[in-house]
Amino acid sequence: MNQKLFALLLIGFLTGCVKTPVNVASPSSEVIIYAVGDIAECRDKPAAEAPANLTANFLRQTQGTILALGDIAYPKGREIDFSSCFQPIWGDLKPRMLPVPGNHEYLTDSAAPYYAYFGTVAGSPGKGYYSTRIGAWRIIALNSNIDTQTGSEQERWLRSELAADKTKCTLAFWHHPLFASSPRGNNPKMQNIWQTLYENGVDVVLNGHEHQYERFAPQTPAGEQDSTRGVRQFIVGTGGAMSNRFAEIKPNSEARATALLGVIELTLREDSYAWKFIPVAGQTFQDSGEGRCHD
């Protein structure tokens, strides 16, 4: 066999063996992702008239991963809720999604239809937590509907994941926020998880559950502002469910708005990030800024 033919065969072999992972970009590149929760609520109207169409239509004009922050198919996360409401509105965006379950998904058979609909991308059925990489960032999906106490299976998994991979920049997302200025207020169930994230230098947390947008300054698990090691939290429950109001404004709440629909756009860089809340057409609220990953 001559050298030229051997070289061509070798190139063909290597090309066939190397596969690019989904949702993964070069660690040194800048990557844009989107996130939104509390999505497909059709109530007594057809899916084509649901407010979630406005956020879905915006995302169709974009590229990149979409983090779905729970309460994905109202009212009870049943198979029919996914097939008749979520699928007609968001189904074509599903291949771009990394989901976590919300409390509405857990109203039906411990979220069995949710796990069946999303398959392996949603993590192990009944657990729903997993990790991946997007660009230079580690992305950790957690399940706020199951045991989150220190020493629980999920918390031990999280601690192991964080210890095994010392990536500079990390984002975690789940449904129920620890801090919120809504009438339901803070959700202490997630404080132990936050403690683990804080101890391991996690930078950003994204949540849904409250049907509004709220951004907090970096803070400790006790809610004390900490510009050195604190975790910055965003609530983005603005995907299509009926808005709720604010109540007592919590310390360190820096920006907030309700009665709106939209998504958050995150630009993930090698050692920093930028955020921008983008409302749907006809609405004007915006919020943007930048932050650096912890050393």
Residues of segment 266-279 being crowded, with 18+ Cβ neighbours inside 10 Å and touching a residue at least 60 places away in the same chain (Cβ under 8 Å), in sequence order, are LEU266, LEU268, ARG269, TYR273, TRP275, PHE277, ILE278
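Residues checked against (1) at pLDDT 95 or above; (2) touching a strand residue (DSSP E or B) at 6+ places or on another chain (Cβ under 6 Å):
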position: SER144; (1), (2): yes, no
position: THR150; (1), (2): yes, no
position: GLU161; (1), (2): yes, yes
position: ALA164; (1), (2): no, no
position: THR167; (1), (2): no, yes
position: ALA172; (1), (2): yes, yes
Search segment 139-167 for residues being open to solvent by 10 Å² or more (accessible area, probe 1.4 Å) and under 29 Å from THR238 (Cα atoms), and hand back the single one that is nearest to the chain's Cα centre (by Cα).
ASN145
Out of the residues in segment 58-86 that are open to solvent by 70 Å² or more (accessible area, probe 1.4 Å) and in contact (Cβ under 8 Å) with a residue 24 or more places away in the chain, state the one that is farthest from MET242 (Cα to Cα).
GLN63
Restricting attention to segment 148-160, does a residue exist that is outside any helix (DSSP H, G or I) and among the basic types (Lys, Arg)?
no
Verdict on GLN225 being in contact with a Pro (Cβ under 8 Å, 6 or more places away or on another chain), within 18 Å of THR62 (Cβ to Cβ) and open to solvent by 30 Å² or more (accessible area, probe 1.4 Å)
no
Does any residue in segment 212-226 that is within 16 Å of GLY185 (Cβ to Cβ) come within less than 7 Å, Cβ to Cβ, of a residue that is in a strand (DSSP E or B) and charged (D, E, K, R) six or more places away or on a different chain, and which pairs are these?
GLN212/ARG256; GLU214/ARG256; PHE216/ARG232; PHE216/GLU254
Filter pass, ILE32 being of a type outside the set (Lys, Arg), open to solvent by 50 Å² or more (accessible area, probe 1.4 Å) and modelled with pLDDT of 95 or more:
yes
With the requirement that a residue be touching an Asp or Glu at 6+ places or on another chain (Cβ under 8 Å), under 14 Å from VAL36 (Cβ atoms) and assigned to a strand (DSSP E or B), what does segment 216-251 give you?
PHE234, ILE235
Of residues in segment 170-183 being aliphatic (A, V, I, L, M) and either open to solvent by 30 Å² or more (accessible area, probe 1.4 Å) or touching a residue at least 60 places away in the same chain (Cβ under 8 Å) (or both), the one nearest to GLU155 (Cα to Cα):
LEU171
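When segment 36-56 is examined, which residues are found to be under 26 Å from ARG133 (Cα atoms) and either open to solvent by 10 Å² or more (accessible area, probe 1.4 Å) or out of contact with any Phe, Trp or Tyr (no Cβ under 7 Å at 6 or more places or on another chain) (or both)?
First, pick out the residues of segment 36-56 that are under 26 Å from ARG133 (Cα atoms): 36-39, 55-56.
Hits for segment 36-56 are VAL36, GLY37, ASP38, THR55.
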Suppose the filter is hydroxyl-bearing (Ser, Thr, Tyr) and surrounded by 21 or more Cβ atoms within 10 Å (Cβ to Cβ); does THR220 pass it?
no
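Yes or no: PRO113 farther than 18 Å from LEU59 by Cβ and assigned to a helix (DSSP H, G or I)?
It is true that PRO113 is farther than 18 Å from LEU59 by Cβ and assigned to a helix (DSSP H, G or I).
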For PRO183: the one exception among (1) at pLDDT below 95; (2) in contact with a strand residue (DSSP E or B) (Cβ under 7 Å, 6 or more places away or on another chain):
(2)
Checking TYR106 against (1) open to solvent by 50 Å² or more (accessible area, probe 1.4 Å); (2) aromatic (Phe, Trp, Tyr); (3) closer than 25 Å to ASP203 by Cα, the condition it does not meet
(3)
Anything in segment 184-210 that is touching a residue at least 24 places away in the same chain (Cβ under 8 Å), farther than 18 Å from HIS294 by Cβ and open to solvent by 30 Å² or more (accessible area, probe 1.4 Å)? List them, or say none.
ARG184, ASN186, ASN187, LYS189, GLN191, ASN192
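The values are calculated or read from the model by the stated rules, or taken from the named source; none is laboratory data. None of the values given here were measured: they were computed from a predicted structure. FYI the Cβ positions are ideal-geometry reconstructions off the backbone, even for glycines, and counts take in every protein chain you see. Remember, those area values only see protein heavy atoms, side chains included, never the ligands or the DNA or RNA. Shrake-Rupley method; radii C 1.70, N 1.55, O 1.52, S 1.80 Å.
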